[in-house]
Amino acid sequence: MTLPALRIDAGDALPRIRVPTLYLRARHDRLMHPSAGDTILRGIGDVRLHALDGPHLLLQTRGEACAEVIAAFARDTVR
């Protein structure tokens, strides 16, 4: 059984994203293949990658670390 999220291809929409974007990548994600993230990195013009040690669902498993990265991204983006 394939998860619904894995059946969706929004690659054509990525170039239309025109805002600074933060991509949090879990270094030990067993659900999403790194190539999915590579598609995001190639498709969005202003994207910043930040990899964190952790599994899929980083916000739940590494919430404090994610919050720090998101806050720093927001501060840098506003400047």
Matching residues in the range 46-58 (more than 11 Å from L22 (Cα to Cα) and loosely packed, with under 13 Cβ neighbours inside 10 Å) number 3
What residue, among those in the range 10-45 that are surrounded by 11 or more Cβ atoms within 10 Å (Cβ to Cβ) and among the charged types (D, E, K, R), is farthest from D76 (Cα to Cα)? D29
Output for the range 17-32, where each listed residue is under 16 Å from T61 (Cα atoms) and touching a residue at least 40 places away in the same chain (Cβ under 8 Å): L24
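Against the definition (exposed (fewer than 11 other Cβ atoms within 10 Å of the Cβ), free of Cβ contacts under 8 Å to residues at least 60 places away in the same chain and of a type outside the set (G, A, S)), how does R7 come out, yes or no?
Against the criterion (exposed (fewer than 11 other Cβ atoms within 10 Å of the Cβ), free of Cβ contacts under 8 Å to residues at least 60 places away in the same chain and of a type outside the set (G, A, S)), R7 qualifies.
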What residue, among those in the range 62-79 that are surrounded by fewer than 16 Cβ atoms within 10 Å (Cβ to Cβ) and either among the hydrophobic types (A, V, I, L, M, F, W, C) or in contact (Cβ under 8 Å) with a residue 24 or more places away in the chain (or both), is nearest to I8 (Cα to Cα)? I70
Could you go through the range 36-52 and let me know if any residue there is part of a helix (DSSP H, G or I) and β-branched (V, I, T). yes
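Quick note: the coordinates plus some simple rules give every number you see, no bench work behind them. Just so it is clear, the structure is predicted and the values come from calculations on it, not from any experiment. Note that each Cβ is placed from the backbone with ideal geometry, even for glycine, and that neighbours are counted across all protein chains shown.
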